[in-house]
Amino acid sequence: MSGLFRALGRKVLFSLDPEDAHGLSIKALKSGLVPACAAHNDPALRVAIAGLSFPNPLGMAAGYDKNAEVPDALLRLGFGFAEVGTLTPLPQSGNPKPRIFRLVEDSAVINRLGFNNEGHDAALRRLSARRVHAGIVGVNIGANKDAIDRVADYVAGIRKFHAVASYFTVNISSPNTPGLRDLQARDSLRELLGKVLDARDAQPGVRRPVFLKIAPDLPEAGLDDIAAEIALHPLDGLIISNTTLSRAGLKSGKNRRETGGLSGAPLFERSTIVLAKMRQRVGAELPLIGVGGVESAATAIAKIRAGADLVQLYTSMIYHGPGLAGEIVKGLSAAMKRDQISTIAALRDCDVSDWAEKVLPA
Ligand SMILES: Cc1cc2nc3c(=O)[nH]c(=O)nc-3n(C[C@H](O)[C@H](O)[C@H](O)COP(=O)(O)O)c2cc1C
């Protein structure tokens, strides 16, 4: 599948504007044209965290399926879980186009979409209409650009999607909504987590886990503040990380000066260092989800060894196609058999100190 994509699909998709190519890929998934990955149920890949049982540790990161159009098709590609969103209460169009740029020589992307999405109601309709509610589908929530009370937008997300979300991600780390990342500052975070988690706890029925998604551009003191603040709240985990503002080490001449968040291979090192630094700060109990530059079984394993319970990817699927998730999952099984490792949990944290000691690229 990835071979066919590399030979044909990528050529066609890369001849289009990146956002049009993305739209086409969503259409293809919706239509069922993309073949599902053969079911691969290896008990060694199961991960139980935050009260959920994940069939494997690889998830689709937020931003691919912003409007919850194809979560089940993503699960059929082999992902162990899919995250939809970011969703804001009201629909919004985002920043002017063009706003996604490929950096081909770096296997990277810069985006400045700005939370374009169809809003809560449209996504809720789709998630409620899912025929099978099997599989883990998380809902990533955000705030409208012109919201007067941003915290209220997150609280509205919890209330709206509580019945249909396997888990929530509170996204305060997109670089493309001015001021959003300020919610990572300690006083703002206190108010946000207090209100969001109170809203979650007030919902009837199942307790939905809430994860907080952070930026990879925080200084050490910012990481300290986040760790100290989350210790005071019943948060269920951290997702590390969103895209970076750094442009360190890029090879591509084209598009490197575009504003926005950088994702893909050049983010791997930075996001893995921040992951390990956070693992050291929060201790062994808090679930961490590692995101940024995962493109193979080896990079997924590196994140797990650096402290992640689960990993997610997005940009590598742009470069390697829809067969990638299935390939990574199979590769994880093979690597674990080869090294006689019986659970993903046994891999976790093996290299935390090595990664945490590294210096972040400038
Ligand atoms: C085009 C694009 C759109 C994205 N939109 C969102 C989003 O809406 N919400 C979010 O939390 N992250 C979003 N992200 C960030 C990804 O979820 C992920 O954290 C980041 O891209 C790093 O992973 P990767 O290197 O595997 O792409 C987006 C990324 C890309 C490339």
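Of the residues contained in region 165-172, one or more are found to be surrounded by 19 or more Cβ atoms within 10 Å (Cβ to Cβ), of a type in the set (A, V, I, L, M, F, W, C) and within 10 Å of the ligand (Cβ to nearest atom). Pairs linking a residue in region 158-177 that is at positive phi and touching a residue at least 40 places away in the same chain (Cβ under 8 Å) to a residue that is part of a loop (DSSP other than H, G, I, E, B) and surrounded by fewer than 24 Cβ atoms within 10 Å (Cβ to Cβ), with Cβ atoms under 6 Å and 6 or more positions apart or on different chains, do not occur.
Tell me the residue from GLY323, GLY260 that is at negative phi and not basic (Lys, Arg), please. Don't jump to the end; show me each part of the working.
On the way: GLY260 fails: at negative phi.
On inspection, the qualifying residue turns out to be GLY323.
Of the residues making up region 235-267, those that are over 22 Å from ILE49 (Cβ atoms) and near the ligand (Cβ under 10 Å from one of its atoms) are THR243, THR244, GLY260, GLY261, LEU262, SER263, GLY264, ALA265, PRO266, LEU267. If you check LEU310 against the conditions, is it within 16 Å of the ligand (Cβ to nearest atom) and not β-branched (Val, Ile, Thr)? Taking the combined requirement at face value, the residue satisfies it.
Return yes when ALA44 is touching a residue at least 40 places away in the same chain (Cβ under 8 Å), buried (at least 20 other Cβ atoms within 10 Å of the Cβ) and under 30 Å from LEU235 (Cβ atoms) and no when it is not. Break it down stepwise before answering.
Working: touching a residue at least 40 places away in the same chain (Cβ under 8 Å): yes; buried (at least 20 other Cβ atoms within 10 Å of the Cβ): no; under 30 Å from LEU235 (Cβ atoms): yes.
Here the answer is no, as ALA44 does not meet what is asked.
For (1) at pLDDT 95 or above; (2) more than 14 Å from the ligand (Cβ to nearest atom); (3) in contact with a helix residue (DSSP H, G or I) (Cβ under 8 Å, 6 or more places away or on another chain), each residue gets a yes or a no:
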position	(1), (2), (3)
ALA39	no, yes, no
ILE49	yes, yes, no
GLY63	yes, no, no
VAL70	yes, yes, yes
GLU118	yes, no, no
LEU124	yes, yes, yes
LEU127	yes, yes, yes
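Return yes when VAL132 is at pLDDT below 95 and either within 13 Å of the ligand (Cβ to nearest atom) or not in a strand (DSSP E or B) (or both) and no when it is not.
Values: at pLDDT below 95: yes; either within 13 Å of the ligand (Cβ to nearest atom) or not in a strand (DSSP E or B) (or both): yes.
Taking the combined requirement at face value, the residue satisfies it.
A residue that is in contact with a Phe, Trp or Tyr (Cβ under 9 Å, 6 or more places away or on another chain), part of a loop (DSSP other than H, G, I, E, B) and more than 9 Å from the ligand (Cβ to nearest atom) occurs somewhere in region 73-82. Note on region 173-208: among residues that are within 16 Å of the ligand (Cβ to nearest atom) and modelled with pLDDT of 95 or more, the one that is nearest to ALA123 (Cα to Cα) is VAL196.
Per-residue answers, yes or no, for (1) touching a residue at least 60 places away in the same chain (Cβ under 8 Å); (2) closer than 17 Å to THR315 by Cα:
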{"site": "PRO98", "(1), (2)": "yes, no"}
{"site": "VAL109", "(1), (2)": "yes, yes"}
{"site": "ARG112", "(1), (2)": "yes, yes"}
{"site": "ASN117", "(1), (2)": "no, no"}
{"site": "ARG126", "(1), (2)": "no, no"}
{"site": "ARG130", "(1), (2)": "no, no"}
{"site": "HIS133", "(1), (2)": "no, no"}
{"site": "GLY142", "(1), (2)": "no, no"}
{"site": "ASP146", "(1), (2)": "no, no"}
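Got a sec? Which of PRO89, PRO98 is more than 19 Å from the chain's Cα centre (by Cα), at pLDDT 95 or above and within 14 Å of the ligand (Cβ to nearest atom)? Talk me through it step by step, then tell me what you get.
On the way: PRO89 fails: within 14 Å of the ligand (Cβ to nearest atom).
From the options PRO89, PRO98, the qualifying one is PRO98.
Of all residues assigned to region 321-339, at least one qualifies as being within 16 Å of the ligand (Cβ to nearest atom), under 20 Å from ILE239 (Cα atoms) and not β-branched (Val, Ile, Thr).
Out of all the residues in region 277-294, is one or more small (Gly, Ala, Ser), without any contact (Cβ under 8 Å) to a residue 40 or more places away in the chain and over 19 Å from LYS213 (Cβ atoms)? Give the derivation first.
So the first thing to find is which residues in region 277-294 are small (Gly, Ala, Ser), and the list is 283-284, 290, 292-293.
Then keep just the ones that are without any contact (Cβ under 8 Å) to a residue 40 or more places away in the chain; that gives 283, 293.
Subsequent filtering for residues that are over 19 Å from LYS213 (Cβ atoms) retains 283.
Yes: one or more hits.
For the residues PRO98, PRO55, the requirement of being at negative phi and surrounded by fewer than 21 Cβ atoms within 10 Å (Cβ to Cβ) singles out PRO98.
Taking residues in region 240-257 that are farther than 13 Å from GLY292 by Cβ, and partners anywhere that are aromatic (Phe, Trp, Tyr) and surrounded by 14 or more Cβ atoms within 10 Å (Cβ to Cβ), the pairs with Cβ atoms closer than 6 Å and at least 6 places apart or on different chains are ASN255/PHE101.
The values are calculated or read from the model by the stated rules, or taken from the named source; none is laboratory data. Computed from a predicted model, the values in this text were never measured in an experiment. Every residue, glycine among them, receives a Cβ derived from its backbone with ideal geometry; neighbour counts consider all protein chains shown.
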